[in-house]
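Here is the structure we will look at.
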Amino acid sequence: MISIKFLPLFVIIPLGSAFILNIFERKVKLLTDLIASIATGALFVLSILMFGVKGNYYVGGWPSQFGITLVIDGLSSYMLVTINMIAFIAILFSINYMEKFTFKSRYYSLLFLMLAGMNGVSITGDIFNMYVFLEIAAIASYALVGYGGKAEELEASFKYAVMGTVSSTLILLGIALVYSQTSALNMAVIGRNINTSDSLSILALIFLFAGFGLKAAVVPFHAWKGTTAALSPKPAKRNIRASMLKLSEVFIFLPITAIFRAEV
Amino acid sequence: MIYSLCLVLFILGLYCVLTKKNLIKIIVGLVIMDNAVNLFFVLLGYRTNGTVPIITNDAEKSMIMQHSVDPIPQALVLTSIVISLGILALMVSLAIRLYEKYGTFDITKIRKLKG
Amino acid sequence: MKGMSQIVKVIAELVKDFIILFGIYIILNGHLSPGGGFAGGVIIAASYILITLAFGRERAMKELSERGSHLLDNFGVLLFWAIAVLGWLIPGQAFFSNFIQRFAPGSPYNILTSGIILVCNIAIGIKVGASLFSVFTALAHFESPLKGDDEE
């Protein structure tokens, strides 16, 4: 019953809920809470049900040298369960905690956009698609960190946004160099075709490592790790810290091992 | 030669982000960095004596498909430009809110955060 | 927010509808020539930005209110989302597939061709136009605490 056909639901449900919830105004509180809880609950159940499934899904029906493939394998299964579980618990906490903030529906839509971005990073098999989903998650998290409107939160949000934008630009430069060497964007095809003794490929690896490392605050780039932790509102803090940094730490290895398989 | 000029532009933007103290100048540095990487990416698709990869009604299809420049980087850069626009809108509105709260654009004075 | 001089006001009043028309042309010919949803949406937003700069923020709010631009924004994305999910629900087609082209293909080099791309361009154009307009009016709202330089 559960097959690979349900894989795009991890991106369909959060994106749809984010923009459906955005229509509601300030007064309708019960309906937004209900929709948010049902959507994240369904995603959590779906991620547990799809735990053993492995396979490919061709978006749009295009074969793999033309289109984007969605891949679910062992690492993706673990990441999906973790991300959806954290999002479900964060929504349950924030129903009560965010009562004093205005515009709760916009908080939910930002949270769903971030969830859609992180689910997308976990399941995609195309390197530029991964960059786009990473950007969706990152921009939603810049807005979430500064959601409360206090002075410290806005300052933390600005510093986090500068760090995140520099790291994303470095990742894009690495992707451009990888595309120039292999002329393919599918991660499996890049892994097959890349020549790791070529100096431009090593330069691409350095840029990708710098970009992902800066985003994940690993050891050479860890100076900004404390700034955003302290001051975002509580459910967002749990969600952002736990998911975004762990996701970046895990996914620092994914493109690099998929692409430079001979060397790493 | 022209690719290293793109990287010089990238380093110029990075220098702006690292050393300037005004918030608006940091945002300008980020925009310069994004545009430098987009320019680099589009220039990667160039083929010598290439034509535009658009098939119109009165042109010969095979000639366009053999001699055109690579259209994939153009599509990817379109997406990247939209992402840069989103980041720019967010950061400018954050800068305006910061001016309301702190009264200054100077980043050495915006230091209420500990740690 | 104060407007500009009388000449600018007269010209903006004349020109704003042609800018929207040009934006719609670029959106509709997105699959045949350069342009598409995003570029057309930016041009449509530029028409409303012209009204904001020339007349002041209240006149632009009368043309398209904040609530209206917010609703148009969400409508654009939900149209795009609905087309992609419709491709997923149809049995035998994958998510976000070009099902209009596979079942009812148009003739090439026409406007009504390439199925899903036209609808997605229109949705993106509406969304980007409304979004950029609401960003600009939100930023134009914060003009009081800044020290103006040439406001008379």
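Miscellaneous remarks
- Lone qualifier among A:Val81, A:Val162, A:Val145 - being under 29 Å from B:Leu76 (Cβ atoms), touching a residue at least 12 places away in the same chain (Cβ under 8 Å) and not aromatic (Phe, Trp, Tyr): A:Val145
- Counting the residues of segment C:91-121 that are polar (S, T, N, Q) and assigned to a helix (DSSP H, G or I) gives 2.
- Out of C:Ala60, C:Ala45, sole residue that is at pLDDT below 90 and assigned to a helix (DSSP H, G or I): C:Ala60
- Close pairs from segment C:18-36: first within 10 Å of chain B (Cβ to nearest Cβ), partner among the hydroxyl-bearing types (Ser, Thr, Tyr), Cβ under 9 Å, at least 6 apart: C:Leu32/B:Thr56; C:Leu32/C:Tyr109; C:Leu32/C:Thr113; C:Leu32/C:Ser114; C:Ser33/B:Thr56
- Among the residues of segment A:180-204, those that are farther than 17 Å from A:Thr69 by Cβ and outside any loop (DSSP other than H, G, I, E, B) comprise A:Ser180, A:Gln181, A:Ser199, A:Leu200, A:Ser201, A:Ile202, A:Leu203, A:Ala204.
- Matching option when the condition is open to solvent by less than 50 Å² (accessible area, probe 1.4 Å) and over 28 Å from C:Gly3 (Cβ atoms), among C:Gly23, C:Gly35, C:Gly40: C:Gly35
- Residue in segment B:91-105 that is outside any helix (DSSP H, G or I), more than 13 Å from the chain's Cα centre (by Cα) and either surrounded by 12 or more Cβ atoms within 10 Å (Cβ to Cβ) or of a type in the set (Phe, Trp, Tyr) (or both) present: yes
- Only one entry of A:Phe207, A:Phe158 meets the criterion of being more than 8 Å from every other protein chain (Cβ to nearest Cβ) and within 21 Å of the chain's Cα centre (by Cα), and that entry is A:Phe207.
Let's see how each residue does on (1) outside any loop (DSSP other than H, G, I, E, B); (2) open to solvent by 80 Å² or more (accessible area, probe 1.4 Å):
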site	(1), (2)
A:Leu15	yes, no
A:Ala18	yes, no
A:Phe24	no, no
A:Thr32	yes, no
A:Leu43	yes, no
A:Phe51	no, yes
A:Gln65	no, yes
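- Filter pass, B:Thr104 being more than 10 Å from chain A (Cβ to nearest Cβ) and touching a helix residue (DSSP H, G or I) at 6+ places or on another chain (Cβ under 6 Å): no
- With respect to the conditions (1) assigned to a helix (DSSP H, G or I); (2) in contact with a strand residue (DSSP E or B) (Cβ under 8 Å, 6 or more places away or on another chain); (3) not polar (S, T, N, Q), B:Gly86 lacks only one, and its number is (2).
- Filter result for B:Ile87 (within 11 Å of chain A (Cβ to nearest Cβ) and either under 19 Å from B:Asn38 (Cα atoms) or open to solvent by 60 Å² or more (accessible area, probe 1.4 Å) (or both)): yes
- For segment C:82-112, the set of residues classified as within 17 Å of C:Ile122 (Cβ to Cβ) and hydroxyl-bearing (Ser, Thr, Tyr) is empty.
- Complete set of residues in segment A:45-67 that are among the hydroxyl-bearing types (Ser, Thr, Tyr), within 14 Å of chain C (Cβ to nearest Cβ) and either in contact (Cβ under 8 Å) with a residue 40 or more places away in the chain or touching a helix residue (DSSP H, G or I) at 6+ places or on another chain (Cβ under 8 Å) (or both): A:Tyr57, A:Ser64
- Only residues that are open to solvent by 40 Å² or more (accessible area, probe 1.4 Å), at the interface with chain A (Cβ under 10 Å from one of its Cβ atoms) and closer than 24 Å to B:Val17 by Cα were counted in segment B:64-84, giving 2.
- Filtered residue count, segment A:175-210, keeping only those that are touching a Gly at 6+ places or on another chain (Cβ under 6 Å) and open to solvent by less than 20 Å² (accessible area, probe 1.4 Å): 3
- Residue satisfying all of: in segment A:127-152; in contact with a Gly (Cβ under 6 Å, 6 or more places away or on another chain) and open to solvent by 10 Å² or more (accessible area, probe 1.4 Å); nearest to the other protein chains (Cβ to nearest Cβ) among these: A:Ile139
- Inter-residue pairs, beta-carbon under 8 Å, first free of Cβ contacts under 8 Å to residues at least 12 places away in the same chain and in segment B:62-84, second aromatic (Phe, Trp, Tyr), 6+ apart: B:Leu78/C:Phe38; B:Thr79/A:Phe128; B:Val82/C:Phe38
The values are calculated or read from the model by the stated rules, or taken from the named source; none is laboratory data. No experiment lies behind these values; they were computed from the predicted model shown. Note that each Cβ is placed from the backbone with ideal geometry, even for glycine, and that neighbours are counted across all protein chains shown. Each accessible area value is taken on the protein alone, full model and side chains, heavy atoms only, with ligands, DNA and RNA left out. Shrake-Rupley method; radii C 1.70, N 1.55, O 1.52, S 1.80 Å.
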